[in-house]
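The values are calculated or read from the model by the stated rules, or taken from the named source; none is laboratory data. In this text the structure is predicted, and so the values were computed from the model without any measurement. Neighbour counts run over all protein chains shown; Cβ positions are idealised from the backbone, glycine included.
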Amino acid sequence: MIHPSGLAVTDAHVVAGAGGGVARFPGGAAAFEVRALGSSRDLALLRLAGPWEGGVLELGSSSELALGAPVLTIGAPQ
């Protein structure tokens, strides 16, 4: 989850060919629609049917990282 309004990021190959579905989380599930696919980076943007009340992941920019800083990557390793 990247925004409390219900935006989420996942791998594009996971939702390719689907316009939507149901995302399952610990403690519940929520309907979603695929808003954007980026196959070259293997990323997809999803919007949940309602707002997200859990925590969100703050996205950063690689230009702001220092050498040796811990990072979490999502998508294809290319």
Could you grab the pairs with beta carbons closer than 8 Å, sequence gap of 6+ or different chains, first residue in segment 33-54 and free of Cβ contacts under 8 Å to residues at least 60 places away in the same chain and part of a strand (DSSP E or B), second one surrounded by 17 or more Cβ atoms within 10 Å (Cβ to Cβ) and polar (S, T, N, Q)? 43/10; 44/10; 46/10
Subset tally (residues that are under 18 Å from residue 53 (Cβ atoms) and out of contact with any strand residue (DSSP E or B) (no Cβ under 8 Å at 6 or more places or on another chain)) for segment 6-27: 4
How many of the residues making up segment 41-63 are loosely packed, with under 11 Cβ neighbours inside 10 Å, modelled with pLDDT under 85 and over 20 Å from residue 5 (Cβ atoms)? 2
